[in-house]
1. In segment B:138-153, which residues are surrounded by 18 or more Cβ atoms within 10 Å (Cβ to Cβ) and either free of Cβ contacts under 8 Å to residues at least 60 places away in the same chain or not in a loop (DSSP other than H, G, I, E, B) (or both)?
2. Among the residues of segment A:166-186, what is the count of those that are away from chain B (no Cβ under 14 Å) and among the acidic types (Asp, Glu)?
3. Is segment B:279-286 home to any residue that is exposed (fewer than 15 other Cβ atoms within 10 Å of the Cβ), in a loop (DSSP other than H, G, I, E, B) and touching a residue at least 60 places away in the same chain (Cβ under 8 Å)?
4. Filter segment B:468-492 down to the residues that are assigned to a strand (DSSP E or B) and closer than 17 Å to B:ASP564 by Cβ, then identify the one that is nearest to the chain's Cα centre (by Cα).
5. Return a yes/no flag: does segment B:446-460 have any residue that is surrounded by 14 or more Cβ atoms within 10 Å (Cβ to Cβ), within 14 Å of chain A (Cβ to nearest Cβ), within 47 Å of the chain's Cα centre (by Cα) and within 30 Å of B:GLU595 (Cβ to Cβ).
6. Pick from segment A:118-133 the residues that are surrounded by fewer than 24 Cβ atoms within 10 Å (Cβ to Cβ) and touching a residue at least 12 places away in the same chain (Cβ under 8 Å): which of them is nearest to the other protein chains (Cβ to nearest Cβ)?
7. Looking at segment B:68-104, which of its residues are buried (at least 19 other Cβ atoms within 10 Å of the Cβ), of a type in the set (A, V, I, L, M) and in contact with an Asp or Glu (Cβ under 8 Å, 6 or more places away or on another chain)?
8. Could you tell me how many of the residues in segment B:249-278 are free of Cβ contacts under 8 Å to residues at least 12 places away in the same chain and surrounded by 20 or more Cβ atoms within 10 Å (Cβ to Cβ)?
Amino acid sequence: MVATVLGSGARAQDQRTALRDVAKKWQDAIVSVRVSLKVRMSMGGREVQSMDDTLESVATVIDPSGLTVMSLSTLDPGTMMSRFMNTNVGGADQKMSIASEPSDVRMRLADGRELPATIVLRDQDLDLAFIRPTAKPGAPLTAVNLADAARPAILDDVVVLSRLGRVGGWAPAAVLYSVGAIMEKPRTFFVLNGQAGTGTPAFLANGKIVGLLTIRQIDPGRMSMFGMMQGTEGAGVIPVILPAADVLEIAKQASENR
Amino acid sequence: MNLVRVGLASIVTVTLLHTPTSAGAQPPSPNQSAEVELALSKVAPSLVRIHVVTVDQQDGREIKREASGSGTIITPEGHVVTNHHVAGKTRSIICTLPTREEVPAELVGTDPLADIAVLKLKPSKPRTFPVAKFGDSSTLKVGERVLALGSPLALSQSVTMGIVSNTEMIMPGMFWPFNRMTLDGEDVGSIVRWIGHDAAIFGGNSGGPLVNMKGEMVGVNEISLGLAGAIPADLALEVATALMKEGRVRRGWIGLEVQPLLKSSGTSRGALVGGTIEGSPAARAGFVSGDVLTKLGLSEINVRFGEEIPLFNRLVMRLPIGRPVQAVVLRNGVEKTLTVTPDDRENAEARIQELVRLGITASNVTSWAAKELRRADRNGVRVRGVRPGAAADEAKPSLQNDDVIVAVNESDIKDVTSLESAIEGLVHNRTEPLPVLVTFERASERMLTVLEVGRPGVQDPGMEARKAWVAVSVQALTREIAEQLGIPGKSGVRVTGVMGGSAAAAGLKVGDVITAIDGDPVQATQPSESDVFHTMIRQYKIGSTVTLRTMRGKEERVVKLTLDSSPRLAREMKKYEDPTFEFRVRDVAEADRRELKVPAFEKGVLVEAVSEGGWAALAHLGDGDMILAVDGEPVTDVAAVKGKMEKVVAAKPSAVVLHVRRGIRTFFVEMETGFTK
């Protein structure tokens, strides 16, 4: 955003047009995923509550065969919640655990078709889940090309593609951000200025893909009493863009898990 | 005012379960003690503690819970009177006698309107039981001493003493809308005027006897409004007798809604007719709102106060079913005689059942429900709950509470039984989900939806991505630790555990500090950076060789090792979910053994989840428990557990015994099965 303001009006307009073209080109690769979950909460090893829940999130088709990638934390939010909730507790008898087990996964394509899907691979380390339609789609799906990637510089504009949910009629969405930070350790991640959803791709104005928005979570250690005031950082969580090449590398294993 | 309302609501709700009443009377004198002892000797031998597994419904699923109450043996054959809310909706009942014997029991009949249920003890050998005698509750006087017997808080049989505070206690109207105690849709206060007393009762006293000083049961303890409240013995006896005779209470019903005379009416006799239920005998007889009913059959009617409503309702319910009775009303000051023929009164709510294949709880349509839902007949199945994510929920449109299913694949559905058999007929021997066309009525609309019946349950969660891995656990080498170790300025990770694999083969040891991988420094100086090492390793391909620069003490070393593949996670282990007892187990992963410190020779399966409200949860099986044996047979993997549990279901025993490890302890878990032979 800062870059947009500082740039000349005409150049900014050109860039906006380019980003709009990028959004238009790939919007059909952004799909909605509806996940039915069995959520079980335990304390000290004893289940205290269980419930069924349904979540809707966004994912990105990365192969015309239907291979799709999303953020694992939206498919299995229990694991992340468990780590967060156990930050401040004492003995084993107080340990909370939340397990979320997907019982049904359905992809909703841009044209409104619903396809039952199967989870083929998870990567907790990188917060990735790969899903694939249970039955082969009749025609190739629009898929982003992870191989056509580029590395952004700090303050570069990126457009993050998304899709609204049921209330929004599943309309395609695009939001403009700039790169606010680049992490190099323990691996490369790009951090946006502003909160973006996960499971969605980020592109540069030149049409190159930057990567996929996921969650990076570390053990935050013992959180201070006011840890929550530090936002997600205090809970050991930060939204990041995982470089496309890293997604592609893991996607190879997903392809092998046919 | 709000405070008062909330207070009463919680009291009414909680009192059925756990709330103590106010303190009891003064300690008795020696003479009184003898009198108490004598009274107790007549009732205490027939007092039972009732342990039940109750069933409830929540979000389209049946939930089982343990509960406890009290009861009194009223026949030598072992009939026990208690509350409907104690034992009316149960999957198993065990009664503990004063001798501490545990005797199973079965439900003979239950009546939510009076909150009375009757059980029958089922001893292993025929025997007779000591019986408590009913007293005449109509002769009770305010101030008379009474004893409350029972098993408060599920403890052993106990007694408290107090006095009768009120012989016609009702829920005060000023607490509207919380002045009703409703059980299964029945307003208990519509026929019960409680005996109010100040003998302390707690949760667990429910169903226990209120006893006079003659040792007679004059009431059945039920509620607390601060004062305790007992159902009068005359009503309890009448209902219990009907339940023992027919398993239900036949009551007359005319559908007449009466209320106390309005203060402004100037009328001093009769009962004001507020209205009639559409299509009811009273409506057919010609009663209209505003009539003042002065006589019904041979009885003069006077309802001037709320306390008189239960008496009127009981009068109506005692009318002979199907036999015309004359009623006299004042309409605009003119007497008019009407003839009304009572119908057989049906319970407000039908039994709710779980239909697992559809993912709903449902009930038949009662007459009351048909009226409330404005339906012309009682055909169909009323949806009472929808399980999120199950077939009915995923249907488009989803089914909702109070939808009435009237057809499946265009075949008419009459009731829950016909719906169950229709679905079973369709999915029998099928392994694939089957789309079923369901016709249902929602309010005034007749709608269609398609349910995918037989959808698979928990699916394969997907494999975990395999990454390059070194079988060590590490901590970040903070600046402070580096200084204390005599290697200031170094960054890296310190090995805290070696789990085998190429790390052990290469000679890595606990205490080694890894400072670089293939020349790239391991830059970890904060505790939160301990994952830097493994993250760097994960960038490599499985099977590639790396060179680690390490330090052992102050000595620099170089270690070459071939990267292993990350081990299979616990989540990837084979699983088995038992649908009958509602627990899930998985094979034990190496990581589990390390974490739980389970020796390699000990075989078993790990409990991953125990569903709240299932049999396993009731037996207190917990997540993380390791099942070593089922009914004495060792189980080494989930396949063995599956086979064993299938045999259990076929044999239908009353209990299954699991041998379980929890931490350093082993013990046995006896799991009820709910099977009845």
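1. If the condition is that a residue be surrounded by 18 or more Cβ atoms within 10 Å (Cβ to Cβ) and either free of Cβ contacts under 8 Å to residues at least 60 places away in the same chain or not in a loop (DSSP other than H, G, I, E, B) (or both), then B:ARG145, B:VAL146, B:LEU147, B:ALA148, B:LEU149, B:GLY150, B:PRO152 are the ones that fit.
2. 0
3. Within segment B:279-286 (the criterion being exposed (fewer than 15 other Cβ atoms within 10 Å of the Cβ), in a loop (DSSP other than H, G, I, E, B) and touching a residue at least 60 places away in the same chain (Cβ under 8 Å)), the answer is yes, since at least one residue qualifies.
4. Among those residues, the one meeting the criterion is B:SER473.
5. yes
6. In this case the residue turns out to be A:ILE119.
7. B:ILE93
8. Going through segment B:249-278 one residue at a time, the tally reaches 0.
The values are calculated or read from the model by the stated rules, or taken from the named source; none is laboratory data. This one's a predicted model, so the numbers in the text were calculated from it and none came from an experiment. So basically every Cβ, Gly included, is an ideal-geometry build from the backbone, and we count neighbours across all protein chains shown.
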